[in-house]
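Below you'll find the structure, written out as structure tokens, and then a few comments.
Nothing in this text is a laboratory measurement; each read-out follows from the coordinates by a stated rule. Quick caveat: nothing in here was measured; it's all calculated off a predicted structure. A quick note on method: Cβ atoms are made from the backbone with ideal geometry, for glycine too, and the neighbour counts reach across all protein chains shown.
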Amino acid sequence: MWTVGEAHTSGVCAYSMTITSVLGVLIAMPVSRARTRPSTTGGRPGPGRGVDGAPRGHRSGPTEPIPLGGVSDDESTHLTQATYDRLQAELEDLTTRGRVEIARAIEAARALGDLSENGDYHAAKDTQGKMESRVRRLQHTLGHAVIVDDEAVGSSETVATGSTVAIRYEGDDEIERFLVGSIEERHDELNVVSPGSPLGQALLGKSSGDVVEYEAPGGTLRVEIVQVGS
């Protein structure tokens, strides 16, 4: 038979284990990633680096958070139908299951006592804030979404949002392929370059054989468009 003190200690441990379990599920919220700048010589990014200096071949996994960068109210976001559906499902999950579970975690943390020194409570509130930021981001993105016509983009000879582009940096024989699209897009074989980025803006409206320039932190880069489309 437990004494009153033992029963209280057992209850506190049970609450703590519950909070830890819930936070483990909900903690995957958006986190900004720092990028390494291209070479200061003004040439193309160094070996193994992408257009912004990030490692080539880096892919966002299915659960990797997406940064919360600001978007102006009049900016539309071009999405494939598959990406739109995925984001819609994520929003539905966060505003139903996600909110219920974090609310339970907060209430369980309150029961542990003094909130000023309650690490579980502050961790739960921090997770709630990140989740609500992601909810607002998704609501804005979906509210300003324009669905890309994959068939029309695939048959176009000029670069547009949704296009696959093969480029070659000046002074280099290596050909690199990118998908021009929203940061929310995920592709198994291609890195994604935003149409609002310096390279993306330089590529839009151009065709195979064109040479374009864009400003990188290390200087002006020149690239040749080798191919538009798959």
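Using a Förster distance of 25 Å, how high is the FRET efficiency between Val135 and Asp188, based on the Cβ-Cβ distance and rounded to 0.05?
0.40
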For Ala216, distant residues with modelled amide H under 5 Å away: Leu221
Evaluate the charge dipole of segment 150-228 about its Cα centre and quote only its size in Debye, nearest 20, assuming +1 on the Cβ of each Lys and Arg and -1 on the Cβ of each Asp and Glu. 180
Can you sort His78, His187 by how many other beta carbons sit within 10 Å, fewest first? His187, His78
Run the quick spin-label model on Gln227 and Ser76: label points 7 Å from Cα toward the beta carbon, then report their separation in nm to one decimal. 3.0
According to a simple spin-label model (label point 7 Å from Cα along Cα-to-Cβ), what is the distance in nm between Asp114 and Ala89? 4.7
Could you calculate, for segment 150-228, the ratio of the Cα radius of gyration to the Kirkwood radius, expressed as Rg to Rh? 0.94
In nm², what is the average projected area of the convex hull enclosing the Cα atoms of segment 97-230? 12.1
Under Karplus coefficients 6.51, -1.76 and 1.60, residue-wise ³J(HN,Hα) of segment 97-110 in Hz, glycine/proline x: 4, x, 5, 5, 5, 6, 5, 5, 5, 5, 5, 5, 5, 4
